[in-house]
Amino acid sequence: MSINMPLLQVENLHLSLTTDAGSFPAVEGVSFEIARGETVGLVGESGCGKSITALSIMGLLRHPLGLSGGTIKLTGQEIQALPASELRALRGKRIAMIFQEPMTALNPLKPVGRQIAEMFVLHQGASWNEAEKKAVDALTQVKVPAPARRAKDYPHQLSGGMRQRVMIAIALACEPDLLIADEPTTALDVTVQAEIVDLMKELCAARGTAILMISHDLGLVTDICKRVCVMYAGRIVEQQDSEQIFNNPQHPYTQGLVASLPRLGMRALHGRRKLTEIAGVVPGITAYPGGCRFNPRCNRATEICKQVVPELEPLGDGSLVRCHHHG
Amino acid sequence: MADSNLLSIEDLAVHFPIGGGMFSKPQMLRAVDGVNLSIKPGESLGLVGESGCGKSTLALSILGLVDPTRGRVMLDGKAVGSEADRLEVARTVQMVFQDPYASLNPRQTVRRTLAAPLRLHGVSNEGEVADRVAEMLRQVGLRPDQADLYPHEFSGGQRQRIGIARALILKPKLVICDEPVSALDVSIRAQIINLLLELQAEMGLSYLMISHDLGVVEHMSDRVAVMYLGRIVETGGWREIFEQPRHPYTRALIAAIPDPLTRGLAREKARGEIPSPLNPPPGCTFNPRCPHATDHCRSAPPVLSPVDEGHLVSCWRAEEFAKEPA
C-alpha cells in the first residue's frame, strides 16, 4: 500500500431514491478524495444530497435510498459492498460520525459514560470496568467539567453543548482515521458552536484524524476545512480551496451564494447594498431540470446549459468547476 | 413627557413561577428582567441574543400576549397589557414568525388567511377585502391569482412571503420579525431580506428584528440591542455595536462567527455555556463565561450606562475596553 494513497476515495457515486413513481437520482457522479489528516467540507442546501453522501460512506443508507453506482474506497479497499458484519467493525473504529442533534443520536436510557465505554468494549475488547475508566478519560479530553460525575449522567441531564461533546468523545474514542461531522453545531447557540468547533479542530489535528464536514454554512466549513466541495441538486458543482471560495468562487451558484449572504462587516465596508438574489427555488428531486441543474436559476445560462450536463473541469490550480460558462 | 417613540419599554420585567407545590415556593424564572428599549417611527432595532435570553418573551409582551411583572410597554403612547384594546394593539404591531411551515394554517387558502384579519378589523365589503388581498400579494411578490392556493403549494420562501403579507395587511406601524430567514434555504434568504427592506421603505414601518445572525442584523438594523439572560447588556447604533463592541459578550458573539471577514474584528470567545435563567450567577450574569471577570464582577451587578452618545454598556470594565481593539 502506497504511503500517498488517499484515505478515502469516493468515485462516481450514484445514489437513488426509489418511490412508487419510479427511481430518482438523489446523488449523481459525486467524486472526491480525502488524504490522511485532511479536512474537507461538503456544502449545500437542504436536499442537495450532502447528508446521504455521508451516510453512504458509513454504509447507513436504507430503503428508499440506495447505492446505484460508483465505489467508496477506504485506503484502497472498496467498502460499499462489504457485508454488514464487516461494516460494523469499520464503523466507529476507522470511520466515525457525529450528527446534528445529539439528543436523538444518544441513547436516552444509558448513562453517557456507558455509551462511550461501549466503544472500547466493542472495538478494542476491553472489559467494562476498564472501558468505563477510559470513558472518563475521554470525557476529560473533550473538556467536560467533573468528568467522573458526568459519566454517570443521562443525556437529558446535559446541555446541548455537553451532549455534543459526548458525541465527539464517542466518535473519537477508537481514534478513527476519518470523522464525518454532519451539521454538528446547527442545533447549538453560536457561542457554544464556536467552542465545539475549536474542540473538534484541536482534537482531530492532534490525532491526525481526517474530517469530512457537512454543512449549509459556508463560513463554518471554510473555518474548519482546507478544501470545500459545493453541491447543488445532487452534483458537486465546484471544488475549491477554502481560502478561495469567498474571494474567487467560480460557479455561478457559489458566486450567487457568496454575494447573497449578508456578512457581518460588509455594511461598514460598502454601505447597505441590496443583496444579490438567486432567482427561483431549489428544484425538488423529482423535477431536476435537464443539462446543468442550475440553469433555470442562472443568469449566464444559454442553450447548451439546458441540453448538456457540464463536466467537472479542472482549473489548473487544483480547483474544479462544473459549468459551461465558469469564471 | 411628549414621546416621539413608537415603542417604549420601561423597566420591563416578566417573571414566570416554575414548579412549587403545597409546601414549596415556586422558583422564579426571570425571563425578562429590567429592560428599557425604544423604537422610533420608521426605525429598525436589531435584538441579538442566544436561546433562553428572553428575546421571545420580550416580543410577546410587546404584542400584549404576556403581562409584565413590573414596568410597562408603551405602544404609540398607550400602555400594552391585558387592559389594552386587543384590536388596537393588533393594528399597531404584528409579527412575522420564524417557521413559515408551522405558522400558516395548512387547511386555509391564502385568501382566507389574509382576509381574516381584515374582517376581524371591520372591513366587511367583499370587494374591498378582495382588492386588499390582491394588492398585498403583489406587494410581497406573489401573484393575486395564487390567493386560492393552500400553503403546501408554495415553497418555503413563498410561504414566508405569505407570513409577511399576513403581518402587513392591517398596515401596522411596528413589525416584530422573529428570525425571519433562519428557517429558509440559504439561497432564498436574500430575497426575503430585500423584500423586508423594500416594504419598510414603502410603508414606513418600524422593525424589531430578532436574530442570532449578526450579518442579518447588521444589514437590517439602525440600532442594535444585545440581550443576555433577560437583560440588555449593550445597545447602540449598528456601527458602534459591530465596529466598537464594548461588552465582552457582544465581542464573543462576533468572535464566534466563522467568517474570514470578521476574523480580525474580535477574537475573545466566551467559555462554557449559558447558565439557567432559573439560577443566574450573582453579580454580572456573564461573569462565569467572561475572559475579563474580576471579583467585583462576581459580586456586584453592573448597570447599563452610557459610554458614548447613544451607546450603552452594562459592564464594569467597559471603560478599559474603549481603546484596545476587541
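The values are calculated or read from the model by the stated rules, or taken from the named source; none is laboratory data. This structure is a prediction, so every number in the text was calculated from the model and none was measured. Neighbour counts run over all protein chains shown; Cβ positions are idealised from the backbone, glycine included. Please note that ligands, DNA and RNA were not included when accessible areas were found on the heavy atoms of the full protein model with its side chains. Shrake-Rupley method; radii C 1.70, N 1.55, O 1.52, S 1.80 Å.
Output yes when any residue across the range A:86-108 is within 22 Å of A:Ala210 (Cβ to Cβ) and over 22 Å from the mean Cα position of the chain (by Cα), and no when none is.
yes
If the requirement is being touching a strand residue (DSSP E or B) at 6+ places or on another chain (Cβ under 6 Å), within 11 Å of chain A (Cβ to nearest Cβ) and assigned to a helix (DSSP H, G or I), which of these qualifies: B:Ile193, B:Ile241?
That would be B:Ile241, the only listed residue that is touching a strand residue (DSSP E or B) at 6+ places or on another chain (Cβ under 6 Å), within 11 Å of chain A (Cβ to nearest Cβ) and assigned to a helix (DSSP H, G or I).
Would you pick out the residues in the range B:172-182 that are surrounded by fewer than 22 Cβ atoms within 10 Å (Cβ to Cβ) and either in contact with a helix residue (DSSP H, G or I) (Cβ under 7 Å, 6 or more places away or on another chain) or not in a loop (DSSP other than H, G, I, E, B) (or both)?
Residues satisfying the conditions are B:Pro172, B:Lys173, B:Asp178.
On the basis of being open to solvent by 50 Å² or more (accessible area, probe 1.4 Å) and out of contact with any Asp or Glu (no Cβ under 9 Å at 6 or more places or on another chain), does A:Pro108 make the cut?
Considered against the rule, which asks whether it is open to solvent by 50 Å² or more (accessible area, probe 1.4 Å) and out of contact with any Asp or Glu (no Cβ under 9 Å at 6 or more places or on another chain), A:Pro108 comes out as yes.
Looking at the range A:177-191, which of its residues are within 16 Å of A:Phe99 (Cα to Cα) and either among the β-branched types (Val, Ile, Thr) or open to solvent by less than 30 Å² (accessible area, probe 1.4 Å) (or both)?
Once the filter is applied, which keeps residues that are within 16 Å of A:Phe99 (Cα to Cα) and either among the β-branched types (Val, Ile, Thr) or open to solvent by less than 30 Å² (accessible area, probe 1.4 Å) (or both), the range A:177-191 yields A:Leu178, A:Leu179, A:Ile180, A:Ala181, A:Asp182, A:Glu183, A:Pro184, A:Thr185, A:Thr186, A:Leu188.
Sort out which residues of the range B:41-69 are β-branched (Val, Ile, Thr) and either open to solvent by 30 Å² or more (accessible area, probe 1.4 Å) or under 13 Å from B:Leu12 (Cβ atoms) (or both), and write them in order of number.
Within the range B:41-69, B:Thr57, B:Ile62, B:Val66, B:Thr69 qualify.
Residue-by-condition table, conditions (1) touching a residue at least 60 places away in the same chain (Cβ under 8 Å); (2) open to solvent by less than 20 Å² (accessible area, probe 1.4 Å); (3) part of a helix (DSSP H, G or I):
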residue	(1), (2), (3)
B:Arg271	no, no, no
B:Pro275	no, no, no
B:Pro280	yes, no, no
B:Gly283	no, yes, no
B:Pro288	no, no, yes
B:Arg298	no, no, yes
B:Val303	no, no, no
B:Pro306	no, no, no
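Those residues that are within 14 Å of chain B (Cβ to nearest Cβ) and either open to solvent by less than 40 Å² (accessible area, probe 1.4 Å) or at positive phi (or both), I need them from the range A:285-304; list them, please.
A:Arg293, A:Phe294, A:Arg297, A:Cys298
Checking B:Thr235 against (1) open to solvent by 10 Å² or more (accessible area, probe 1.4 Å); (2) closer than 28 Å to A:Val142 by Cβ; (3) among the polar types (S, T, N, Q); (4) under 18 Å from the mean Cα position of the chain (by Cα), which test does it fail?
Going through (1) open to solvent by 10 Å² or more (accessible area, probe 1.4 Å); (2) closer than 28 Å to A:Val142 by Cβ; (3) among the polar types (S, T, N, Q); (4) under 18 Å from the mean Cα position of the chain (by Cα) one by one, B:Thr235 breaks only (2).
Take the residues of the range A:173-200 that are touching a residue at least 40 places away in the same chain (Cβ under 8 Å) and within 11 Å of another protein chain (Cβ to nearest Cβ): which is farthest from the chain's Cα centre (by Cα)?
Per the stated criteria, the residue is A:Ala187.
Only one of (1) touching a Phe, Trp or Tyr at 6+ places or on another chain (Cβ under 8 Å); (2) more than 7 Å from chain A (Cβ to nearest Cβ); (3) open to solvent by 10 Å² or more (accessible area, probe 1.4 Å) is not met by B:Met203, so which one is it?
If we test B:Met203 against (1) touching a Phe, Trp or Tyr at 6+ places or on another chain (Cβ under 8 Å); (2) more than 7 Å from chain A (Cβ to nearest Cβ); (3) open to solvent by 10 Å² or more (accessible area, probe 1.4 Å), just (1) comes out false.
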